[in-house]
Structures are given as structure tokens and as C-alpha cells.
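Participant: Have a look at the structure that comes next, please.
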Amino acid sequence: MKIIQDKYDKQKIQTLPRELFEGRIIVIFTEKEADKAVAYLMRQHLLGFDTETRPSFKKGHMHQVGLLQVSTHDTCFLFRLNQMGLPDSVVRLLEDHDITKVGLSLQDDFRLLKARRPFRTGTFVELQKEVKDIGIEDNSLQKIYANLFHKKISKNQQLSNWESESLSEAQQHYAATDAWACIKIHEEVARMKREGNFRLEKTPTADELSING
């Protein structure tokens, strides 16, 4: 019986073993490379999806989205949008209705991507809605993943420079892990719903704690 929490304790995350994507990571710099990558991705049935944006430490200023990550179970493509914009082939993937693409906080990603170039959103699955169906109230990828798999996705690279000339190995693994983890979550939730072998534990409210105390 799998036990999950409605709200995962953030402090517990630091004690968990680290999760890391161990498949192929391919960085895409040009439209020609993007065309080949999209041709490969269009042959898949399920993709993990995420974006990264260079952080701005100036109030009221925000950078354009710099990186798009699209992952299969074993290969993740990192599209350097800051260097090539949003190519026709990538727009075609974003607008596709045949392939299921899963991500977290997708509306934020769509807003940033559409600021680069307008497109009509294809078939996407919002993981925040999926996990709520089984009683998980957390919205962050790190908490949801820890809850389901008891492993930690590091966030150390989140505020790094996603527009640097070349991405460090740590940045590449961080970005790829986030996109790949979306596939893992989607498939695990589907399995749990199908098999029903889990129990949800509710976090006691402040009133309940005071009464029990």
C-alpha cells in the first residue's frame, strides 16, 4: 500500500536521496537542429515539458524565456530559445494535438512562450490538476515528486543564468530532470488511479493539533 500526503513536509525533502535524469541530453542551438529534434519528438506518444527563464533581480523587469526542455523517457532536448527564437518546427510541436505533453504550471510557460511568438496551444496535461485528483494539494514539482517517489529534485540551478553562452553540466541535468520528472509523475498517478493501491494521509489542521495536544 502506497502512502501519500496531501501536503508534503518541505523539511523532509532535504533528507531524501537525489533524483537525476540519466538519459541523453541534447542541446539545440539552431533552427536546423530544432527541425531534426522535433521530427524525432513527433514520433513519440508522451513528452515531458518545461521552460527556464533567466532570473531578473530588478523590480518590474523580466527576461524572455530562454530554454525549452522537451523529454522522452530516455532523451531530453534543450532548445536554446534565447539563441534561435521559437522556430516553426517547435511551434508545430506546441500546437500538436496527437501527442500528450505533460508539464507543471503550464499557463506560466505558455504565457512566456507566446511572448516570443504567438501559437495555438495543442494537447497538454496540467500535472497540478492530475495530482489534485488523488488528494495532493501541493503545486511544486519538488514536493509532488518527493511525495510520490521519496526522492529529491534539487533546485540549486533554478536561479542560474539560462542565457549564458553555454549551459553547465549542472544546468543541463537540472533542466532535463524537471522535464523528465513530469512524465514520471503523470505515469505514476495514472497507475495509482488504475490500481487504487494507495492511501492519502491528511495533514492535521492547527485546531486539530491543539485539541490533540
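Participant: When the residues of region 139-173 are narrowed to those that are within 20 Å of residue 83 (Cα to Cα) and in contact with a Ser or Thr (Cβ under 7 Å, 6 or more places away or on another chain), which ends up modelled with the highest pLDDT?
Facilitator: Filtering first and then ranking leaves 171.
Participant: For region 9-19, check the following and say yes or no: at least one residue is under 22 Å from residue 158 (Cα atoms), under 18 Å from the mean Cα position of the chain (by Cα), modelled with pLDDT of 95 or more and surrounded by fewer than 17 Cβ atoms within 10 Å (Cβ to Cβ).
Facilitator: Within region 9-19, one or more residues are under 22 Å from residue 158 (Cα atoms), under 18 Å from the mean Cα position of the chain (by Cα), modelled with pLDDT of 95 or more and surrounded by fewer than 17 Cβ atoms within 10 Å (Cβ to Cβ).
Participant: Suppose the filter is without any contact (Cβ under 8 Å) to a residue 24 or more places away in the chain and either within 17 Å of residue 17 (Cβ to Cβ) or among the polar types (S, T, N, Q) (or both); does residue 154 pass it?
Facilitator: Criteria not met by residue 154.
Participant: Give me a count of the residues in region 117-161 that are crowded, with 17+ Cβ neighbours inside 10 Å and among the basic types (Lys, Arg).
Facilitator: So the count comes out to 2.
Participant: Could you tell me whether residue 34 is surrounded by 15 or more Cβ atoms within 10 Å (Cβ to Cβ), in a helix (DSSP H, G or I) and not charged (D, E, K, R)?
Facilitator: Judged against the criteria, residue 34 is a match.
The values are calculated or read from the model by the stated rules, or taken from the named source; none is laboratory data. Everything numeric in this text was worked out from a predicted model, so none of it was measured. So basically every Cβ, Gly included, is an ideal-geometry build from the backbone, and we count neighbours across all protein chains shown.
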